[in-house]
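Please treat every number below as a calculation from the coordinates, not as lab data. Nothing here was measured: the structure is a model prediction, and the numbers come from that model. Because the Cβ atoms are built from the backbone with ideal geometry, glycine has one as well, and the counts that use them run over all protein chains shown.
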Amino acid sequence: MPHGTDLPARYAVFGHPISHSLSPAIHRLFGAQCGIALEYVAIDAPPVSFEADARRFLADAHGANVSLPHKAAAFALADERSAAAIRAGSANVLTRRPDGRLAADNTDGSGLVRDLTERQQCPLQGCRVLLLGAGGAARGVAWELLDAGVAELTIVNRTADTAAALVGALGVTRARARYWQDLAELGSFDLIVHATSAGVLGQPLPLPHGLADAQTVGYDLSYGHGAQSFLRWARAAGARAACDGLGMLVEQAADAFALWHGRRPATDPVYARLRAEQ
Ligand code: ATR
């Protein structure tokens, strides 16, 4: 309880735009499931005022989730940072410690891995993975894919230097960068993770069908409208499954909930309910 009162603990998700965020519904459902009273609201903060808005909110709240485009700024403003946040260079969770210090964490990668392995029947051990994109979303999941034991992580980005820089930061021979114009020569992959913002921006993403075969899982880190063009491509290319990021959203939220409340809620009922409403 904040400041020793009996008021429910307060949380928020910050983003811009944020009005369609599912995070308030997810955390309220988790809270109800666990018998934990909490308030959770969505706060639209433009980049120019995000830091001041987040600091003001967290002065008497317990924590916040952070969505686009504020994840790097959230990482920067924190007083302490988890290992996952440090390697991603971004944070999707801010927690106010009892002494007022702000802690940054990143649960996007763990959320993706849990959704893939536990919900989508996509074991990662020994898997050949293509990661499309090398921006913030890709950095948020690349290390966890390697930690999960993928055999090979091929990173392809429109701007080749950014992919090369990410591979350099990952620092293992299992990760390699390839040029976008060479996609047609790479053969097929067990898993293709779409982490560019082309779908959200409504821009075309030319991908050869040869990247997928009947064993391939295509996974878009976004959900809703922004995921649809990649999912259509994956189905047309013959992939065995085409998944949006709704499951990752619920799993990263459960990891944030566990950080705040010391207890991880059951995610399947919440996922099923949101999926039914999509
Ligand atoms: P996010 O946090 O959503 O990842 P970001 O850090 O700006 O946002 O990264 C956007 C990613 O989408 C980058 O990999 C970007 O490629 P560039 O590094 O070349 O900019 C990629 N991207 C955006 N629009 C794209 C498009 N139309 N085609 C291919 N890649 C695109």
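General remarks:
- V41, V270 arranged by Cβ crowding within 10 Å, fewest neighbours leading: V41, V270
- Column: log10 I(q)/I(0), Debye, Cα scatterers of segment 103-181, q = 0.17 Å⁻¹: -0.63
- Sorting the segments 184-193, 200-209 by their residues' average number of neighbouring beta-carbon atoms within 10 angstrom, most packed first, yields 184-193, 200-209.
- Computed from the Cα positions only, the extents of segment 134-278 along the three principal axes stand at 45, 34, 29 Å, in decreasing order.
- Taking the C-alpha atoms of segment 1-118, convex hull volume expressed per residue in Å³: 110 Å³
- The chain, dipole about Cα centre (Lys/Arg Cβ +1, Asp/Glu Cβ -1), debye to the nearest 20: 80 debye
- Low-density loop positions, trypsin sites (Lys or Arg not before Pro), segment 28-114 - DSSP coil, at most 13 other Cβ in 10 Å: R101
- Once the Cα-Cα distance is subtracted from the 0.36 nm per residue extended length, the R264 to E277 segment shows a gain of 2.4 nm.
- When T107, T159, T196 are sorted by how many other C-beta atoms sit within 10 angstrom of their C-beta, beginning with the fewest, the order is T159, T196, T107.
- 5 angstrom amide H check on Y40, placed H, neighbours 5+ away: Y11
- Using bins of 5 Å that start at zero, the share of Cα-Cα pairs per bin across the chain amounts to 1, 6, 13, 17, 19, 17, 12, 8, 5, 2, 1, 0, 0, in whole %.
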